[in-house]
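What follows is a single structure, written as structure tokens, with notes after it.
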Amino acid sequence: MNEDIRVPEVRCNVDGGESLGIIPTKEALAKADEMGLDLVLIAPNAKPPVAKIMDYGKFKYQEEKKKKEQRKNQIKIEVKEIKLSVKIADNDINYKVKHAREFLEEGKHVKFRVFLRGREMAHPEAGREVLLRVWPMVEDIGVMDKPPRFEGRYYNMLVLPKKEDKKK
């Protein structure tokens with residue numbers, strides 16, 4: 001930008017779209033000073049490099065505004081975690097599945113986790129069986145993104161909400 005440009009000549013454009021052609025860098029800097037704007041190097045690897053006369057502060061402000069708008073329009077995915085155990089009773093499973101169904105209806109992702117304690121680690125398939133008992137209870141409103149998988153001391157299963165038809 002401005003005096004930091006170390007090339008002898010640049011292809012110069014003005015912010016409004018007007019092209020000044022290939023001119024010496026000093027002349028482009030003088031033109032920018034005369035207009036009260038900055039000379040900014042846009043394409044330094046081009047032959048000759050391309051520079052633009054613009055209000056750099058305004059340009060940076062517009063860029064920040066665009067980024068902020070993009071962040072605002074981003075969809076944040078919430079993942080709710082439901083913890084289960086190998087020795088869980090049927091009524092407890094039903095209670096936790098009821099909550100999971102509410103989360104799925106709100107459009108949130110649900111991660112079911114079975115924690116294996118002590119000697120339960122000798123038979124990790126018991127955790128998988130618990131998750132496979134839970135799956136039929138939520139399959140009408142959810143899609144299994146990740147099937148039951150053993151990770152460390154946990155058996156995990158990720159369920160996403162089903163996509164609704166846009167015609168409805």
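Values quoted throughout were computed directly from the atomic coordinates according to the rules given, and no laboratory measurement underlies them. This structure is a prediction, so every number in the text was calculated from the model and none was measured. Using ideal geometry, Cβ is built from the backbone for each residue, glycine included, and neighbour counts are taken over all protein chains shown.
Of note:
- Within a Gaussian network of the chain (alpha carbon springs, distance under 10 Å), most fluctuating of 15, 145, 92: 15
- Compared with the alpha-carbon gap, the fully stretched path from residue 67 to residue 27 is longer by 11.0 nm at 0.36 nm per residue.
- Ranking 136, 103, 122 by how far each Cα lies toward the positive end of the dipole of the stretch 79-161 (charges on Cβ) leaves 122 at the top.
- Least to most buried among 99, 109 (fewest other Cβ within 10 Å first): 99, 109
- Percent of C-alpha pairs per 5 Å bin, the chain, short to long: 1, 8, 13, 11, 8, 6, 4, 4, 4, 5, 7, 8, 8, 7, 4, 2, 0
- Under a Gaussian network description of the chain, with springs only between Cα atoms under 10 Å, the residue in 45, 94, 156 that fluctuates furthest is 45.
- Distant alpha-carbon pairs in the stretch 1-97 (separation over 18 angstrom), percent: 61 percent
- By the rule of a C-alpha distance below 16 Å, with chain neighbours fewer than 8 residues away ignored, the aspartates and glutamates paired with residue 65 are 55.
- Shown here for the stretch 81-146: GluC sites (Glu not before Pro) in loop regions (DSSP other than H, G, I, E, B) with at most 15 other Cβ atoms within 10 Å, namely 106, 139.
- Neighbour-limited loop hits for trypsin sites (Lys or Arg not before Pro), the stretch 106-138 (at most 12 other Cβ within 10 Å; DSSP other than H, G, I, E, B): 117
- Of 58, 47, 76, the one that fluctuates the most in a GNM where the chain has Cα springs shorter than 10 Å: 47
- Out-of-range pairs (alpha-carbon distance over 18 Å; input 80/111; 80/108; 87/162): 87/162
- Checking every one of the GluC sites (Glu not before Pro) in the stretch 17-51 against DSSP loop status and a limit of 16 other Cβ atoms within 10 Å picks out 18.
- Eligible lysines near residue 68 by straight Cα distance, threshold 16 Å, same-chain separation 8 or greater: 58, 60, 76
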